[in-house]
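Structure record follows, encoded as structure tokens.
The values are calculated or read from the model by the stated rules, or taken from the named source; none is laboratory data. Bear in mind the structure is a predicted one, so any value in this text is a computation, not a measurement. Note that we place each Cβ from the backbone using ideal geometry, even for glycine, and neighbour counts take in every protein chain shown. These area figures cover heavy atoms from the full protein model, side chains too; ligands, DNA and RNA do not enter into them. Shrake-Rupley method; radii C 1.70, N 1.55, O 1.52, S 1.80 Å.
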Amino acid sequence: MQDKILQFLRKNQGYISGEDISSKLNITRAAVWKNIDQLRSEGYEIIAVPHLGYQLISTPDILIDREIKYKLGTQFLGKRFLCYDTVESTMEGAFHLGLNNAPEGTVICAEGQTKGKGRQGRRWTSPKGKGIYVSIILRPKISILDVPKLTLLTAVSICETIRRSTNLDVKIKWPNDLLIGNKKVAGILTELGAETDNVLFIILGIGINVNSSASQLPANSTSLKLELSQEISRVELLKEILRDLEKWYSNINKQGFQKVTKRWAELSSTLNKKIKIDGAEGKAIGIDEHGGLKIRNDKGQLITKMTGDVVQA
Ligand code: BTN
């Protein structure tokens, strides 16, 4: 019922009387009032003016199904949206759902995580209500060898979304970090459900520091709020992320990964730099056909790394 009342309030920019709502939804005026009160307790700002009725002033910035799905407009990404208050890690639930045939595009989201997982056994700091912490189930028809390219695709897509939404100069540090200057603002963790060499599903774990303060983040990190000196809507940002990601992902069926690799090169903070990565040192010269990083060392040898931590040499 709350969804229906909200729909009414959203359709009417001005006031709508309790009587109108009650007659259209066939409920008593007391029931209208009770539901509106419930919406208010969830963070919806709804005013009531005698003789005029109710008006929706603002909606809460919480990552709930109702808000994410409103005018989302995607074909499959986020059609099934499961949101939790606090979990250890959204990756666990997503993996379980992946094994249990959850449809492609299912999104698992939490307001906070107590054991957020980063790459290579690290933790992802996930203060409640401050970031975007989602795991997305995909079922791509690609070879296991090409899975790293999906991480690159996700990095390109999210980088584009944040750049467009905030005008910040966000760059991609290979393979999965989004940086502003040399501070990390977002990260991607890709996990794979596979059977021999067959990809069953992929979990894309995305963490973005949106409205976190410096004291809530690790030392080498930043948030969009810290960079912009103002809060931004997590709901709107997540919707844009899902829309863009769906476009990039759908495009690989039509054009392969060529467009991803090209855009990655433009957005990369790694390419053409002298770097060190897990014992190797040289100049990052590009991405190989599976998403690995190609490095040319001082002896002119070509080294390809599929994973690792890049540092500037
Ligand atoms: C990294 O940069 O090391 C990857 C960070 C990935 C964090 C996200 S937050 C949502 C999802 N759940 C997790 O526990 N981790 C990923």
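Between the listed residues GLN216, SER135, LEU152, the Cα displaced farthest toward the positive end of the dipole of the chain, a dipole computed from Cβ unit charges relative to the Cα centre, is found at LEU152. Sequence-ordered 3J(HN,Hα) estimates for the stretch 120-125 from the Karplus curve with 6.51, -1.76 and 1.60 and θ = phi - 60° stand at 6, x, 7, 9, 10, 5 Hz, glycine and proline given as x.
Computed from the C-beta positions of ARG296 and ALA265, the FRET efficiency with R₀ = 22 Å rounds to 0.90. Each Cα pair under 8 Å and six or more residues apart adds its sequence gap; the mean of these over the residue count of the stretch 139-260 is a relative contact order of 25 percent. Distance between the pseudo-spin-label points of ASP37 and ARG122 (7 Å out from Cα toward the beta carbon): 4.9 nm. Charges were assigned to the Cβ only: +1 to each Lys and Arg, -1 to each Asp and Glu. The resulting dipole of the stretch 250-294 about its Cα centre is roughly 200 debye.
Rolling a 1.4 Å probe across all protein chains gives THR261 an accessible area of roughly 50 Å².
Taking all protein chains together and a 1.4 Å probe, the residues HIS96, HIS290, HIS51 rank HIS51, HIS96, HIS290 from largest to smallest accessible area. Computing FRET efficiency as 1/(1 + (r/R0)^6) for ASP288 and ALA214, where r is the C-beta to C-beta distance and R0 is 30 Å, gives about 0.20. Gain on full extension, evaluated as 0.36 nm per residue between ARG164 and ASP3 minus their Cα-Cα distance, stands at 54.9 nm. Give me the dipole magnitude in Debye, nearest 20, for the stretch 1-137 about the Cα centre, with unit charges on the beta carbon: positive for Lys and Arg, negative for Asp and Glu. It comes to approximately 340 debye. Considering only GLN312, GLN2, GLY43, the residue lying farthest towards the positive end of the dipole of the chain is GLN312, judged by Cα position with unit charges set on Cβ. Just checking the listed ones, LEU82, LEU99, LEU179: in the Gaussian network model of the chain with Cα springs under 10 Å, the one fluctuating most is LEU99. The solvent-accessible area of LEU39, taken with every protein chain present and a 1.4 Å probe, is close to 0 Å².
Mind checking the angle between helix 90-99 and the chain's longest principal axis? C-alpha axes, 0 to 90 degrees, to the nearest 10. Between the helix axis and the principal axis of the chain, the angle is about 90 degrees. With loop membership from DSSP and a limit of 15 other Cβ atoms within 10 Å, the longest segment of the chain without GluC sites (Glu not before Pro) is 89-230. The dipole here belongs to the chain: it is taken about the Cα centre, uses +1 on the Cβ of Lys and Arg and -1 on the Cβ of Asp and Glu, and is about 660 debye. By the scheme Lys and Arg +1, Asp and Glu -1, what is the net charge of all other residues having a beta-carbon under 11 Å from that of ARG29? That works out to -1. Segment LEU52..ASP20, full-extension length gain: 10.4 nm, with 0.36 nm per residue of separation and the alpha-carbon distance subtracted.
Give me the angle, in degrees from 0 to 90, between the Cα long axis of helix 258-267 and the longest principal axis of the Cα atoms of the chain, rounded to the nearest 10. Tilt of helix 258-267: around 90 degrees.
Using the Cβ-Cβ distance between ASN198 and SER233 with R0 set to 45 Å, the FRET efficiency from 1/(1 + (r/R0)^6) comes to roughly 0.70.
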